[in-house]
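Here's the structure, in C-alpha cells; my notes come after.
The values are calculated or read from the model by the stated rules, or taken from the named source; none is laboratory data. Here the structure is a predicted model, which means the values were calculated and not measured. Cβ coordinates were reconstructed from backbone atoms using ideal geometry, including for glycine residues, and neighbour counts include every protein chain displayed.
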Amino acid sequence: MRILPALLILLCPLLIIAQVDITQHVVPGRSNSAEQQKKPYVILISADGFRYDLADKYQAKHLQQFRSNGVAAKAMIPSYPSLTFPNHYSIITGLYPAHHGLVDNTFYDKKRNEIYRIGNRKAVEDSSWYGGTPLWVLAEKQQMVTASFYWVGSETPIQGVRPTYYYRYNDSIDMDTRLGAVKNWLTLPEDKRPHFITFYVPDVDHEEHMYGPDSKQAEAAVHFVDESIAKMVRMTDSLKLPVNYIFLSDHGMIQVDTVNTLPLPAAIDTTKFKIPDGDVLVHLYAYNAADIQPAYAALKQQPSPDYDVYMANEIPARWHYAAADDRYNRVGDIILVPKPPKSFSIRRRRTIPGKHGFDNAIPQMHATFYAWGPAFKQGVQIDAFENVHVYPLVARILGLNITEKIDGNSKVLQPVLK
C-alpha cells in the first residue's frame, strides 16, 4: 500500500510536464481583408524588466545597432504601479491601469468578492477582469489577422476575441522554436498572414529578480535577449516584407534591501481589512467603510520615512490611480507605498534582491523603447514618454481606426514616423 504514494511522488513532475500546453492555438475562420493584406507589419517585442539603461550598461550590440537605424527614447515611463501585468496591459490598450482594470499583479474586487492573481490561470483567462480594447482585438475586428507569442490578456477572449494565433503562457518552449513560429506566421499565405505580432521575453526580469540588476546573471540575460532579437531580425528580414519592429519593456528594476524589510504597520487591525499579497504596494480593503478614516489617522500618527500612506482619494494625480480614476473600484481604500530600497514583507517570505513596482518617477523604474523599420525615421532620439502612447503609434502604422477613448495620444510619437 505504500508503493502508490511513492510512485505518485516520482510521477508528479512528469504529470505536470504533460499538462503544460505548448501547442499553438488557432482561431478558425479568420482572414485578412483585401485592404488589410496591403498593410505593413508590426512586431511588438517586450523584454520584461529591460531597464532603460541596460543596452548600454551591458553593451547589447545588436540592439544598439538597431536603434541607431531607427528611433530610441531616452526612456519609456511605465504606468503606476510599475508592475508587469498592469503595464503590459497598458501598452496593449493605451489605458492607465485604473482605467483598464488591472491595477496590480494581485488585487481585490469588492463587487465580485474575488482576488485576481497573476498565478491563477482561471482568473488570467477570465475576460471579465479586462477592460479596454487590446490592439489584437482592434485589428481582428477590422479584419486584420494577428498573432501572439505571449502577452498579458492574449489568452482570454476579451470582447469575445483572441489573436488568431496564440500560445498559453509557459516556460517550456525554447527561444528558437518561438522565433521559428514568427517566421512561419510571416510565410503564411497573404490572407492568413498576421500583420500584428506580440512577442514576450521574460529572461531579464527573472534574473534581475533573483540576483539583482547589477549581477552577472542579469548581464547574461541581456545578451541572450540581444542575440535572440538579432536572430529574429535576420529571419524576418530575409522574407523581404515591410516589417516594423518595436522593442520595449514594461518597467525597470532596482536593488532592494533584503535584510531590513518592512513589517505591516502595527496600527493596522488586520481583522478589519482584506490585505492581498504586496511588497512594493500594499492595498488595504476595508470590510466596513467606517473603519477607513480611523485606520488612516492611526497610520498618519505613526509616520515612517520608509513609506507613504494614501487614502484612495488622496493618491497623487500624476499616477492616474486615485479614486476618481478607479473605474472598477479595485484600488485599496488605503495604500502603503514603500520608498526603495525598502519593501514590505507582510507574509514573512524571503525578499528577492531585485524589485519593481515603485513610484514610476524613479529613474530605475523606467523602461526601454526602440523602434526601427520602414515606417520609422532613422537616427532619431526622443525624450522619455509614457507607455500609453505606444497604442496609437501601432494603430497608425497599421492603419487601424481607434474605436474608443484611450489615454494615449497619437501626437506624442507621430514625429518618429516618416
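From the list ASP277, ASP291, which one is charged (D, E, K, R) and not in a helix (DSSP H, G or I)? Write out each step before concluding.
Numbers: ASP291 fails: not in a helix (DSSP H, G or I).
Of the residues listed, the single one that is charged (D, E, K, R) and not in a helix (DSSP H, G or I) is ASP277.
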Of the conditions (1) in contact (Cβ under 8 Å) with a residue 40 or more places away in the chain; (2) touching a His at 6+ places or on another chain (Cβ under 6 Å), LEU400 fails just one. Which one is it? (2)
Name the residues in the range 307-326 that are surrounded by fewer than 15 Cβ atoms within 10 Å (Cβ to Cβ) and either of a type outside the set (Gly, Ala, Ser) or touching a Leu at 6+ places or on another chain (Cβ under 8 Å) (or both), would you? ASN313, GLU314, PRO316, ARG318
Output the residues belonging to the range 394-418 that are assigned to a helix (DSSP H, G or I) and of a type in the set (A, V, I, L, M, F, W, C). VAL394, ALA395, ILE397, LEU398, VAL412, LEU413, VAL416
Expected output for the range 287-313 (first residue within 22 Å of ASN260 (Cα to Cα), partner in a helix (DSSP H, G or I), Cβ below 9 Å, 6+ apart or cross-chain) is VAL309/TYR296; VAL309/LEU299; VAL309/LYS300
Residues in the range 142-162: is at least one basic (Lys, Arg), in contact with a Phe, Trp or Tyr (Cβ under 9 Å, 6 or more places away or on another chain) and modelled with pLDDT of 95 or more? yes
Which of the residues spanning the range 383-411 are crowded, with 17+ Cβ neighbours inside 10 Å, aliphatic (A, V, I, L, M) and more than 23 Å from LEU241 (Cβ to Cβ)? VAL388, ILE406
Is it the case that the range 58-65 has a residue that's buried (at least 24 other Cβ atoms within 10 Å of the Cβ) and at positive phi? no
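Quick one: in the range 347-382, of everything that is among the hydroxyl-bearing types (Ser, Thr, Tyr) and closer than 22 Å to GLY408 by Cβ, which residue is surrounded by the fewest Cβ atoms within 10 Å (Cβ to Cβ)?
From the range 347-382, those among the hydroxyl-bearing types (Ser, Thr, Tyr) are 351, 368, 370; that's our starting set.
Imposing the further condition that a residue be closer than 22 Å to GLY408 by Cβ reduces the set to 368, 370.
Working: THR368: 27, TYR370: 24.
It comes out as TYR370.
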Single residue of the range 229-247 satisfying the filter (more than 23 Å from ILE92 (Cα to Cα) and not hydrophobic (A, V, I, L, M, F, W, C)) that is nearest to the chain's Cα centre (by Cα): LYS231
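Hey, does the range 138-153 have a residue that's touching a helix residue (DSSP H, G or I) at 6+ places or on another chain (Cβ under 8 Å), outside any loop (DSSP other than H, G, I, E, B), in contact (Cβ under 8 Å) with a residue 12 or more places away in the chain and over 24 Å from MET175 (Cα atoms)? Outline the logic, then answer.
We begin by selecting, within the range 138-153, every residue touching a helix residue (DSSP H, G or I) at 6+ places or on another chain (Cβ under 8 Å); these are 138-139, 142-149, 151-153.
Now drop any that are not outside any loop (DSSP other than H, G, I, E, B), which leaves 138-139, 146-149.
Still in the running and in contact (Cβ under 8 Å) with a residue 12 or more places away in the chain: 138-139, 146-149.
Then drop every residue that is not over 24 Å from MET175 (Cα atoms), which leaves 138-139.
Checked the range 138-153: at least one residue is touching a helix residue (DSSP H, G or I) at 6+ places or on another chain (Cβ under 8 Å), outside any loop (DSSP other than H, G, I, E, B), in contact (Cβ under 8 Å) with a residue 12 or more places away in the chain and over 24 Å from MET175 (Cα atoms).
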Tabulated pairs, the range 92-119, first touching a residue at least 12 places away in the same chain (Cβ under 8 Å), second assigned to a helix (DSSP H, G or I) and of a type in the set (Gly, Ala, Ser), C-beta under 7 angstrom, 6+ apart or interchain: TYR96/SER90; PRO97/SER90; HIS100/SER90; TYR116/ALA123; ARG117/ALA123
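In the range 331-338, is there at least one residue being closer than 22 Å to VAL256 by Cα, in a loop (DSSP other than H, G, I, E, B) and at pLDDT 95 or above? Talk me through it step by step, then tell me what you get.
Step one: list which residues in the range 331-338 are closer than 22 Å to VAL256 by Cα, which gives 335-338.
Those left that are additionally in a loop (DSSP other than H, G, I, E, B): none.
Among the residues of the range 331-338, not one is closer than 22 Å to VAL256 by Cα, in a loop (DSSP other than H, G, I, E, B) and at pLDDT 95 or above, which makes the answer no.
Is it fair to say LEU239 is modelled with pLDDT of 95 or more, over 30 Å from HIS283 (Cβ atoms), in contact with a Ser or Thr (Cβ under 9 Å, 6 or more places away or on another chain) and part of a loop (DSSP other than H, G, I, E, B)?
yes
Can you tell which of TYR391, TYR321 is hydroxyl-bearing (Ser, Thr, Tyr), in a helix (DSSP H, G or I) and touching a helix residue (DSSP H, G or I) at 6+ places or on another chain (Cβ under 9 Å)?
On the way: TYR321 fails: in a helix (DSSP H, G or I).
The conditions single out TYR391.
Does GLU114 satisfy being acidic (Asp, Glu) and either at positive phi or out of contact with any helix residue (DSSP H, G or I) (no Cβ under 8 Å at 6 or more places or on another chain) (or both)?
Details: acidic (Asp, Glu): yes; either at positive phi or out of contact with any helix residue (DSSP H, G or I) (no Cβ under 8 Å at 6 or more places or on another chain) (or both): no.
No: the conditions fail for GLU114.
Go through the range 339-388 and give me each residue that's among the β-branched types (Val, Ile, Thr) and not in a strand (DSSP E or B). Step through it out loud before you land on a result.
Residues of the range 339-388 that are among the β-branched types (Val, Ile, Thr), as a first pass: 346, 351-352, 362, 368, 380, 382, 388.
Correct list: ILE346, THR351, ILE352, ILE362, THR368, VAL388.
How many of the residues making up the range 58-81 are out of contact with any Phe, Trp or Tyr (no Cβ under 6 Å at 6 or more places or on another chain) and in contact (Cβ under 8 Å) with a residue 12 or more places away in the chain? First the steps, then the outcome.
Step one: filter the range 58-81 for residues out of contact with any Phe, Trp or Tyr (no Cβ under 6 Å at 6 or more places or on another chain), giving 58-65, 68, 74, 77-78, 81.
When the remaining residues are screened for being in contact (Cβ under 8 Å) with a residue 12 or more places away in the chain, the result is 58, 60-63, 68, 74, 77-78, 81.
Residues meeting the conditions: 10.
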Test each condition in (1) more than 16 Å from the chain's Cα centre (by Cα); (2) in a loop (DSSP other than H, G, I, E, B); (3) buried (at least 23 other Cβ atoms within 10 Å of the Cβ) for SER82 and report the one that comes out false. (1)
Selection from the range 334-364 of residues that are over 20 Å from ARG51 (Cβ atoms) and of a type in the set (Lys, Arg): ARG347, ARG348, ARG349, ARG350
